[in-house]
Amino acid sequence: MSEQEFLDSKNNELHYELTENPLLHALLDVVREAVLIIDLETKVVFTNRTAKEIFAFPTTSHPGLRLTDITRNKEIYHCFTVCLKEKSAFEKKIRLHTNSGERSLDLKVESITTNDPTLGVKVIGVVGTFFDKTKLEALEQTRREFFANLSHELRTPLTSIETYAETLLSGALYDQENNVKFLQIIAKHAARMRNLAQDISDLAAIESGTVPMRPQALRIAQVMREVAELLKDAIAAKNIQLYISIPEDLFVFADPKGFEQILFNLVQNAVNFNRPSGSISVTAEASGAYQVIKVKDTGIGIEAKQIPRIFERLYRVDESRSRKEGGTGLGLAIVKHLVQAQGGAIFVESAPNEGSTFSVSLPATTKNH
Ligand code: ADP
């Protein structure tokens, strides 16, 4: 048998094995990595389910498909062809543009060889596995940004505390006109840091799932009255009208502390980002298996493109305004996690300079649950 005949027959065996072996198919379909196997002519002889999700496969079946038909990525092509030629196994980080955005993949290629007593070791194909690191990298990026922002958040009040304490120590303590004012500034910044520390530990606890959610039937109107009481000074300071219109017989099935915090954070934002003498209306209504609670304000509103970002940790549309109101930039991240942890969802509708409506849906229940 000539070398070419030998390779052709081995190639046919490879095709046969890969297309007809149900166990192999099932096995490769369950792995998380995308698997692509090509033969000597760079024809794709096998792809698993994940590979079909990542690469641009034609919708109809297409037997003679080549590697270049499913991806135009030069690096991927290069790795497979080098591996075919040099029998070498290697790894490469690939950035792949797909219809669903850019993906970061770790590609490992390895040649498939066969041994013939006369011809020696011959390559008959290449198997490539792609490990998708896109989500992991995005998480890592979020974590890095969070720590960078956090250190910025801490430095700002600390610098003020240090500066005013030094000013007092170097004589201003006896300056009757300013000493109290300086101490008030120190106290204000210390309070900011305390709020931040509290929000961070709340968020970390909620995210890690270590705070047990103890859901029970809660009368929405009652919890809202308690929240209004907690915020009454802030509401009065801005001369804001708060309208509560919640039927007494509406109950959510939620954790008492968590539910109060959701309402508190939303109403507090509706106060902080409102205009002076504006208004807030809080309503609730049943919708199927859920209660939908809406907090509507007449405030500064949020541009559409900012809306997805406001739930990110430490993200603020206007940093100085949020800081002036004593905000930490963590309130909505906490709300989102609390709502999700209780099987609910949150939506925002907003128009700049007109106001915002935050809607939270939570599982409904009856009092005698
Ligand atoms: P904080 O209120 O402490 O700044 P949040 O996480 O509660 O942080 O909110 C993030 C950002 O979302 C705010 O800084 C603000 O820019 C925007 N935002 C939240 N609620 C409202 C609202 N009711 N109206 C306008 N902007 C809002």
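Laid out as a table, the results:
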{"read-out": "Trypsin sites (Lys or Arg not before Pro) lying in DSSP loop within region 1-51, provided at most 13 other Cβ fall within 10 Å", "value": "Arg32"}
{"read-out": "Axial C-alpha extent at least 27 Å, average Kyte-Doolittle at least -0.5 - helices from the chain (DSSP)", "value": "134-169, 179-208"}
{"read-out": "Three-way shape label, region 3-132, alpha-carbon gyration tensor, a/c 1.5", "value": "prolate"}
{"read-out": "Surface/4 estimate of mean projected area, convex hull on alpha-carbon atoms of region 213-369, nm²", "value": "8.4"}
{"read-out": "Theoretical FRET efficiency, 1/(1+(r/R0)^6), r = Cβ-Cβ of Lys108 and Phe347, R0 30 Å, to 0.05", "value": "0.10"}
{"read-out": "Residues of type lysines that Lys85 reaches as a straight line, Cα spacing below 27 Å, ignoring anything fewer than 8 places off in the same chain", "value": "Lys10, Lys43, Lys52, Lys74, Lys93, Lys108, Lys122"}
{"read-out": "Listed residue (Gln184, Gln340, Thr129) projecting farthest to the positive dipole end of the chain, Cβ model", "value": "Gln184"}
{"read-out": "Residue with peak Gaussian network fluctuation, the chain [Cα springs, cutoff 10 Å], from Leu27, Leu263, Leu183", "value": "Leu27"}
{"read-out": "Full-stretch length increase - Lys324, Ser2 - with 0.36 nm per residue and alpha-carbon distance subtracted", "value": "107.7 nm"}
{"read-out": "Where GluC sites (Glu not before Pro) fall in DSSP loop in region 190-295, at most 12 other Cβ within 10 Å", "value": "Glu248"}
{"read-out": "Loop-located trypsin sites (Lys or Arg not before Pro) in region 294-369 whose Cβ has at most 15 other Cβ within 10 Å (DSSP)", "value": "Lys367"}
{"read-out": "Cα gyration tensor, the chain - rounded (a/c under 1.5), prolate or oblate", "value": "prolate"}
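Every number in this text was worked out from the coordinates using simple rules, so none of it is lab data. All of these numbers come straight from a predicted model, not from anything done at the bench. Please note: Cβ atoms are built from the backbone with ideal geometry, for glycine as well, and neighbour counts cover all protein chains shown.
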